[in-house]
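**Student:** Would you mind keeping the following structure in view while I ask a few things?
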Amino acid sequence: MDGYRGKHTASQPWAVASTASVRTRGRHQRVNRRRRRWVYALLVLFLLCLLYPFLEAHILRTDRVSLKSDSLPADIGHLHIVYLSDIHYGFWYSDADVANLISRVNQLKPDIVLFGGDYGSDNAAAVRFFQRMPAVHARYAVLGVIGESDRGDTPFDLTRLTDTMREAGVTPLINDVSRVRVGTSSVYVAGLDEPVAGTPDLHSVASRVSASDYVIFLCHNPTVIPDAQLLTDRNGHLGWFDLGLFGHTHGGQLGPFSSLIGLTDDIPVRYREGWLTENRVDLLVSRGVGTSVIPARFACYPQIHDIDVSLP
């Protein structure tokens, strides 16, 4: 009976957590919340890194360069050229992208517009590019060469493309030279066929110009540069062109990861991207406008070129 205290006896109260344990639990909760925030932030950063190259592929920049040449006729004095290459019209480059591109070109108010080839992902896309391309406005001429993606498999494919280019107001240059009248004088644009899929004839092109004239040499692929510089003009003189414009490489497209898609594997390192001068000739290898293999760029913005040539 001594152990019985009666039903009205106060029961033993529940154990109450100590103040120390409450503080410890609160501290752990704050640490966990902070850790989750870092995880979420790193996840967002990771997703942005994955998405950024696809965004960069659409950040078109204009590369502006001023050149001096004593071959430019004195009465011209100043020549404004816009150059663009490697558009790769197709699934990843839409009609709206083409309209914005040509609008950018026209806003520069060029004297001459030059296209560097690879207009579509294949011959059919290249034809559609010129069918749907808005009018290009240049003061004197719009000309272009052919890239390896443009030619197609048959002579009919190539003829259909060049006919469509002419209908769009673009003069195709395939182992051909065009004389462009600028006031009372002229400059010359020499366009070479694509060396991978075509039949380039450097001797024919070089022999139709004079080193004393201002000559722009246009070819899609820069691998022709060393051979071109060894040739002479119709009078047997070296230095038959003053400005060389090329594309094809996309500047590697993925920067330090360019080997993953192999766009520059066949190109000497010197000719993979940008401006350089050799034998007093200005050379440009453009990064191009569109993309190939995958629709992404990294540390390699797409570009068009606004080139101003004047007398020294």
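**Student:** Within the range 28-40, is there a residue that is modelled with pLDDT of 70 or more and within 23 Å of residue 250 (Cα to Cα)?
**Tutor:** no
**Student:** OK, next. Take the residues in the range 195-204 that are surrounded by 17 or more Cβ atoms within 10 Å (Cβ to Cβ) and modelled with pLDDT of 95 or more; name whichever of them is farthest from residue 278 (Cα to Cα). Outline the logic, then answer.
**Tutor:** So in the range 195-204, the residues surrounded by 17 or more Cβ atoms within 10 Å (Cβ to Cβ) come out as 195, 197-198, 200, 202.
Adding the requirement that they be modelled with pLDDT of 95 or more leaves 200, 202.
On the way: 200: 22, 202: 18 Å.
So the residue we want is 200.
**Student:** Ok, one more. Quick one: what pairs do we get from the range 224-248, first residue at positive phi, second in a helix (DSSP H, G or I) and of a type outside the set (Phe, Trp, Tyr), C-beta under 7 Å, 6+ apart or different chains?
**Tutor:** From residues that are at positive phi, the pairs are 248/222.
**Student:** Now for a separate question. Select from the range 268-303 the residues that are surrounded by fewer than 23 Cβ atoms within 10 Å (Cβ to Cβ), touching a residue at least 12 places away in the same chain (Cβ under 8 Å) and part of a strand (DSSP E or B) and list them in ascending order.
**Tutor:** Of everything in the range 268-303, those that are surrounded by fewer than 23 Cβ atoms within 10 Å (Cβ to Cβ), touching a residue at least 12 places away in the same chain (Cβ under 8 Å) and part of a strand (DSSP E or B) turn out to be 274, 275, 278, 281, 282, 283, 284, 303.
**Student:** Here is a further query. How many of the residues in the range 197-211 are part of a helix (DSSP H, G or I) and closer than 13 Å to residue 281 by Cβ? Let's see the steps before the verdict.
**Tutor:** Of the range 197-211, the ones part of a helix (DSSP H, G or I) are 202-206.
Now drop any that are not closer than 13 Å to residue 281 by Cβ, which leaves 206.
Summing the residues that are part of a helix (DSSP H, G or I) and closer than 13 Å to residue 281 by Cβ in the range 197-211 gives 1.
**Student:** Write out, first by first residue and then by second, each pair whose Cβ atoms fall under 6 Å of each other, whose residues are 6+ apart or on separate chains, and whose first residue, in the range 90-106, is within 11 Å of residue 120 (Cα to Cα) while the second is part of a helix (DSSP H, G or I).
**Tutor:** Cβ pairs passing all conditions: 90/125.
**Student:** Looking for whichever is surrounded by fewer than 20 Cβ atoms within 10 Å (Cβ to Cβ) and in contact with a Lys or Arg (Cβ under 9 Å, 6 or more places away or on another chain) here; the options are 212, 178, 185, 207. Which one fits? Before you say what the answer is, go through the steps one by one.
**Tutor:** Working: 212 fails: in contact with a Lys or Arg (Cβ under 9 Å, 6 or more places away or on another chain); 178 fails: in contact with a Lys or Arg (Cβ under 9 Å, 6 or more places away or on another chain); 185 fails: in contact with a Lys or Arg (Cβ under 9 Å, 6 or more places away or on another chain).
Answer to the selection: 207.
**Student:** Any residue in the range 243-259 that is over 21 Å from residue 197 (Cβ atoms), part of a loop (DSSP other than H, G, I, E, B) and not charged (D, E, K, R)?
**Tutor:** Among the residues of the range 243-259, at least one is over 21 Å from residue 197 (Cβ atoms), part of a loop (DSSP other than H, G, I, E, B) and not charged (D, E, K, R), which makes the answer yes.
**Student:** Could you tell me which of the residues 231, 245, 218 is modelled with pLDDT of 95 or more, surrounded by fewer than 22 Cβ atoms within 10 Å (Cβ to Cβ) and in the same structural domain as residue 75 (by TED's automatic domain parsing)? Lay out the reasoning, then the answer.
**Tutor:** On the way: 245 fails: surrounded by fewer than 22 Cβ atoms within 10 Å (Cβ to Cβ); 218 fails: surrounded by fewer than 22 Cβ atoms within 10 Å (Cβ to Cβ).
After applying the criteria, what remains is 231.
**Student:** List every residue pair whose Cβ atoms lie under 6 Å apart, where the two residues are 6 or more positions apart in sequence or sit on different chains, the first residue falls within the range 212-223 and is part of a helix (DSSP H, G or I), and the second residue, located anywhere, is surrounded by 24 or more Cβ atoms within 10 Å (Cβ to Cβ).
**Tutor:** What qualifies is 222/246; 222/285.
The values are calculated or read from the model by the stated rules, or taken from the named source; none is laboratory data. Small disclaimer: the values here were computed from a predicted structure and weren't measured. Here Cβ is always computed from backbone atoms with ideal geometry, including for glycine, and neighbour counts include all displayed protein chains.
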